[in-house]
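For reference, the structure discussed in these notes is given below.
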C-alpha cells in the first residue's frame, strides 16, 4: 500500500473544490465503508456532501479503510497540485485522452476526472513525475562489445522483468506487485520502477487506547538509459537494489546479465594534474564558465577523516594564499558552479567518484558531460587501464 498522507487532500476546503457529482462518483465504489461511518453517497443530482464528516473519516488512518480507497486517494492527492494539473492536461491533449472542458476545474477536480476516465493513464503520469524529481544518479557504462540497436521493451518483456524483480523484492521483505513504466525522451529512455518498501509500524491512538498502524510504504526508483552512450543511470535507495537493476535491465533489455558490469565512470584526477586549466570550457557551446566551489579530501586513518575546502573560487583562493594540491591526494567529492549561456543564474554540479553525479537540473548533464569528457573527468576504458600505477608529474604540491 502507498504511504498516504491525507492532510492536504482530505480538507473540507479542498473537497469543496471538487464538483459534488464527481466526488460522489469517485467515492461510490466505497459506499459501504463510508456508510458504516455515517456518510451517504446518494448524491442525488449533485446534492451537497457532508464535507466536514467526510474529511474527518478520510483523515482517520485507524479506520478500516479499503486498501483500494487509500491507493486511489494517494494517486489523486499526489497529482492534485497546479503543476500536476498542468502535466495531466498537457499529456491528455498529446495522447488524446478526452476530458471534460471545464475552465472552473480545480487541480483536485482534474485529478479525479482523470482517475475516473483512465486510471492507468493517471498512474503513468504520476510515475513520470519522479523522473523530474530525480537529481542524483549513479552511472554505469554498458558492455563495450555490444553492437546492437536498442528497442523499447514490449508488454511481455516488462511483465517478465517485473516478475524477476518481484522475486528479489519478496526475498528482501519488500513484497510483490512492482510495476515498470517506460518513457522515451529522445536519446534517453526513462524507466520508473514502483515497488514496496519493508513494512513500517507506527504508534496510534484509537478510541482512546494506544495501538499501532502497520503498512507497507511505496517507493519509486528511476533508471535512465542513454542510447547514444550505452549507459544506465540509476536513482535507487540501496546498493542491493542498484545491483539488481543492473542485472535485470541487462538480462531483459540486452540479453546479457552483465551488460552493465559496474565499471568506474568519473575521476577527479584532472583537478590534481591540470589545476585550474581543468575548468576550461571554451570548447563547449552553451557553458560560459565553470568555478570549483568545494572539494572533499579523504584523509583516512582510523577515524576515516575527510577534510572539506570551500570558497567562491577555490583555485583562486589557492593561488592567492600560495596553497597547492599534490597528486597523491584522494579526492572524494568536488562541487562546481556552472554558468550556462541560457540561464541568468548559475547552477551547481557535484561529482563523487566513481559513479555519482548530482545536477541542479537533469538537462544540465548533456553539456556538463561534454566538458567532463574533454577535460578527462570521464574515464574511457583506456584511461581506466592506465590509471593503475601511473604517476603523472605533479604541477602543484602542498595541501
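Couple of notes before you dig in:
- Placing pseudo-labels 7 Å out from each Cα toward the beta carbon at residue 294 and residue 150 gives an inter-label distance of 3.0 nm.
- For peptides 303-312, 218-227, 253-262, sequence by mean Cβ density within 10 Å, most packed first: 218-227, 253-262, 303-312
- Distance between the modelled labels on residue 239 and residue 136, one decimal in nanometres: 1.6 nm (7 Å Cα→Cβ projection).
- Extension gain, residue 306 back to residue 202 (0.36 nm per residue minus Cα-Cα distance, nm): 33.8 nm
Coordinate-derived values only; no laboratory data. Because the structure is predicted, anything quoted here is derived from the model rather than measured. Backbone-built Cβ (ideal geometry, glycine too); neighbour counts: all protein chains shown.
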